[in-house]
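The values are calculated or read from the model by the stated rules, or taken from the named source; none is laboratory data. A quick note: this is a predicted structure, and the numbers were derived from the prediction, not measured. Every residue, glycine as well, gets a Cβ built from its backbone with ideal geometry; the counts of neighbours run over all protein chains shown. To get the accessible areas, we keep the full protein, side chains included, count just its heavy atoms, and leave off ligands, DNA and RNA. Shrake-Rupley method; radii C 1.70, N 1.55, O 1.52, S 1.80 Å.
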Amino acid sequence: MEGSGLKNVSSHCSISEMDDFDLSKLLDKPRINIERQRSFDERSLSELSIGLSRGLDNYENAYSPGRSGLDTPASSARNSFEPHPMVAEAWDALRRSMVHFRGQPVGTIAAVDHAAEEVLNYDQVFVRDFVPSALAFLMNGEPDIVKNFLLKTLQLQGWEKRVDRFKLGEGVMPASFKVLHDPVRKTDTIMADFGESAIGRVAPVDSGFWWIILLRAYTKSTGDVSLAETPECQRGMRLILSLCLSEGFDTFPTLLCADGCSMIDRRMGIYGYPIEIQALFFMALRSALAMLKHDTEGGEFVERIVKRLHALSYHMRSYFWLDFQQLNDIYRYKTEEYSHTAVNKFNVIPDSIPDWVFEFVPKRGGYFVGNVSPARMDFRWFALGNCIAILSSLATPEQASAIMDLIEARWDELVAEMPLKISYPALENHDWRHITGCDPKNTRWSYHNGGSWPVLLWLLTAACIKTGRPQIARRAIDLAESRLSKDSWPEYYDGTVGRYIGKQARKYQTWSIAGYLVAKMLLEDPSHLGMIALEEDKQMKPVIKRSASWTC
């Protein structure tokens, strides 16, 4: 570990001591009532940014324990202002979605849409969908359901997983599970889906990453390190890590993934190294690094994680990042460069740059592109990957600010009438037919193909707070509050500006409800950010220069 770039942590340190992001200083500052003061001038914004950045440097000792009973949202109980009527409605809807196994709450189902003709798998508990629900419960001082969920999915991880006659890796977490109640025998059983029932039969790469991230959120929220330190949780993390840290033929530190392996769970041309998975991968590695014991088994993974984090952060910040200067450089690329000093390392042909990019990229601002691989650069914007890049500090402070600059500069394209576009722009015509396989659900400006997803509101809000831009979050929440309840909390919206309820969107979509609650509670009490964000490790620097040979 000596000279590795990350701080050396002794084997007996607790998780809270091993983490690197402390909001205790922020908690001591006079609280800014963001709900009342809806507009900020440049001076007050800069002061808030400074206060947040100072308070977010270390949060090793801070956690946000429960402050309220089950029936009263903790956030509204702590503030003098009258909460928005949607808050109580959202809590009622979230509680209706709760699933119990043998008398204990273990998660929330994807949607409670009684008007839907087909239930499909919306009556199941999805790992990725439960994350905003879990954060809402943690922020409200109700950690039991989160603990039960973590333990139950950990048990499911141990199941033998087969798709047709092929056996999946031991560490794969389920995409979802369903609790079956037998009223006659008075028994409960669980059915899990590891991709064998999914549309397209794709295993979820992101489930394991979300599980690790949520385990850390639980630990930071409750201050209870005992769950993460159990042999079962330690083994669960190691199994997940063994899948994604394995060495093979790949020459990149990024993780090779199939279409449909993430929130974008249908074919959308993200095969390769999608930004969403790389950002979640980075965040899960950093979260695991804070929770793994430095014993014989865990120590080996710690060393592998440290090496991978160095390579991954360098690769992503160098090759996935796009701003005006970088676009101009790519526009002038030479091709067919052979040597260790090549500038155009992936042989991206400048003529492959789509026309829309030149208008989309502002002079101030930037973002992580959707995908980079040989002879291919997917220039599309993907919201989740960029927000997670900010929260995990995969993005440098300068890059995080640039992403916020881009969102402000391209508000009409990325937010418009309903936060937030999952991807931009939409695939159309021949591209849509070829890339999506003529998927009727992913027609242009719908579903994953440029649709607007209210669940992304919590990620946007968290990113805004971390970068000291709460006014952006306030503006987005105001937009959501003008429609979400009236429209019965839909799963997604359609159209270039998100004006229409999605053509196949479920109503009372649980993560739309939970995402709103998390966004509200984050804005009212920014100290909650500690459970879901990591500050930059200033010692993490590239171990090689951009043009250096791998033979050095």
For Leu289, which of the numbered conditions (1) open to solvent by 20 Å² or more (accessible area, probe 1.4 Å); (2) among the aliphatic types (A, V, I, L, M); (3) within 30 Å of Glu359 (Cβ to Cβ) fails to hold?
(3)
Among the residues of segment 382-416, which ones are closer than 21 Å to Ser313 by Cβ, in a loop (DSSP other than H, G, I, E, B) and open to solvent by 10 Å² or more (accessible area, probe 1.4 Å)?
Thr396
Give the residue that is farthest from the chain's Cα centre (by Cα), with candidates limited to residues of segment 336-374 that are among the hydrophobic types (A, V, I, L, M, F, W, C) and more than 22 Å from Leu406 (Cβ to Cβ).
Ala342
Filtering segment 478-504 down to residues that are closer than 17 Å to Asn442 by Cα and free of Cβ contacts under 8 Å to residues at least 24 places away in the same chain yields Tyr500, Ile501
Please indicate, with yes or no, whether at least one residue in segment 445-457 is crowded, with 23+ Cβ neighbours inside 10 Å and farther than 27 Å from Arg267 by Cβ.
no
Among the candidates Gly498, Gly502, which residue alone is under 27 Å from Ile109 (Cβ atoms), crowded, with 24+ Cβ neighbours inside 10 Å, modelled with pLDDT of 95 or more and small (Gly, Ala, Ser)?
Gly498
In segment 255-293, what residues are part of a loop (DSSP other than H, G, I, E, B), of a type in the set (A, V, I, L, M, F, W, C) and touching a residue at least 40 places away in the same chain (Cβ under 8 Å)?
Leu255, Ala258, Cys261, Met263, Ile264, Met268, Ile270, Leu292
Within segment 517-534, is there a residue that is modelled with pLDDT under 95 and out of contact with any strand residue (DSSP E or B) (no Cβ under 6 Å at 6 or more places or on another chain)?
no
Is it the case that Val343 is among the β-branched types (Val, Ile, Thr) and in contact with a strand residue (DSSP E or B) (Cβ under 9 Å, 6 or more places away or on another chain)?
no
With respect to Asp188, determine if the residue is in contact (Cβ under 8 Å) with a residue 12 or more places away in the chain, within 24 Å of Ala290 (Cβ to Cβ) and either touching a strand residue (DSSP E or B) at 6+ places or on another chain (Cβ under 9 Å) or not aliphatic (A, V, I, L, M) (or both).
no
Condition first: part of a loop (DSSP other than H, G, I, E, B) and open to solvent by less than 60 Å² (accessible area, probe 1.4 Å). Now tell me which residues in segment 166-199 satisfy that.
Leu168, Gly169, Gly171, Val172, Met173, Pro174, Ala175, Phe194, Gly195, Glu196, Ala198
State whether one or more residues within segment 473-485 are surrounded by fewer than 24 Cβ atoms within 10 Å (Cβ to Cβ) and touching a His at 6+ places or on another chain (Cβ under 8 Å).
yes
